[in-house]
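Heads up, the thing below is written out as structure tokens.
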Amino acid sequence: MSESEGREIAPIDVRWASVEALGEPGQRRFRLLVSSGQETTVLWMEKMQVDALGRALEQLLDQLPDLEVTLEVLDSEPQFDLGSDRQFRVGKLEIGFDEERDRIVVIAYDMEEPESFGPAAVCRLTRMQAAEISDESERVVAAGRPHCVMCGMPMGPGAHACANQNGHLREEYEL
């Protein structure tokens, strides 16, 4: 398939965005909701993707030159169409910065489609929206299962088989 055959996706100028986890820790599903005010796109993600996106947005924001901060005031409550047809599982994410518009750009590819089809969503966020997504990502990820202080693995409601407690070390040492 040639590049000219790829789909053309109109960028979403995000009006509202939210990161959510659904379900009980250990069985949760994660999603990023973005809405232009007219249409909602739901990006289903893995926990590690949510965490990586939040950290990447934070790092990008830290690298950008400071501008006069203008508080964004929304005239209404966020509204998302959770039954939107624009839902997909994210296979790959890219982020960047559009200097001309002063927007953070998040590009998401559908896991089920080849990258040659092009991105499934291109979202343009304000700096404040990117910071909010970063903060929400951190909170959502931290609300999961606690990690074992010995091995760092997530602990479930049952017994935890800790490699550092039962004699299995990650590296072998010579005596």
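The values are calculated or read from the model by the stated rules, or taken from the named source; none is laboratory data. Every value quoted in this text rests on a predicted model; they were computed, and no experiment measured them. All Cβ positions, glycine included, derive from the backbone under ideal geometry; neighbour counts span all protein chains shown. The protein model used for the area step is the full one, side chains on, heavy atoms only, and it has no ligands, DNA or RNA in it. Shrake-Rupley method; radii C 1.70, N 1.55, O 1.52, S 1.80 Å.
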Q: Working only within segment 2-57, note down all residues that are among the β-branched types (Val, Ile, Thr) and either open to solvent by 50 Å² or more (accessible area, probe 1.4 Å) or assigned to a strand (DSSP E or B) (or both).
A: Ile12, Val19, Val34, Thr40, Thr41, Val42
Q: Filter segment 138-175 down to residues that are surrounded by 14 or more Cβ atoms within 10 Å (Cβ to Cβ) and small (Gly, Ala, Ser) and give me whichever is modelled with the lowest pLDDT.
A: Ala163
Q) Conditions: (1) closer than 23 Å to Arg29 by Cβ; (2) touching a strand residue (DSSP E or B) at 6+ places or on another chain (Cβ under 9 Å); (3) not in a helix (DSSP H, G or I). Asp85 meets all but one. Number of the miss? A) (2)
Q | Single unsatisfied condition, Phe117 versus (1) surrounded by 14 or more Cβ atoms within 10 Å (Cβ to Cβ); (2) at pLDDT 95 or above | A | (2)
Q) Right, Arg101: over 28 Å from Pro25 (Cβ atoms), buried (at least 18 other Cβ atoms within 10 Å of the Cβ) and charged (D, E, K, R) or not? A) no
**Q.** Any pair with Cβ under 6 angstrom, 6 or more apart, that starts in segment 113-131 at a residue that is touching a residue at least 40 places away in the same chain (Cβ under 8 Å) and of a type in the set (Val, Ile, Thr) and ends at one that is assigned to a strand (DSSP E or B) and surrounded by 15 or more Cβ atoms within 10 Å (Cβ to Cβ)
**A.** Val122/Ile107
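Regarding segment 69-77, can at least one residue be identified that is within 22 Å of Glu20 (Cβ to Cβ), out of contact with any Phe, Trp or Tyr (no Cβ under 7 Å at 6 or more places or on another chain) and at pLDDT 75 or above?
Within segment 69-77 (the criterion being within 22 Å of Glu20 (Cβ to Cβ), out of contact with any Phe, Trp or Tyr (no Cβ under 7 Å at 6 or more places or on another chain) and at pLDDT 75 or above), the answer is yes, since at least one residue qualifies.
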(Q) With the structure loaded, tell me whether Val122 is within 15 Å of the chain's Cα centre (by Cα) and within 22 Å of Ala21 (Cβ to Cβ) or whether it fails that test. (A) no
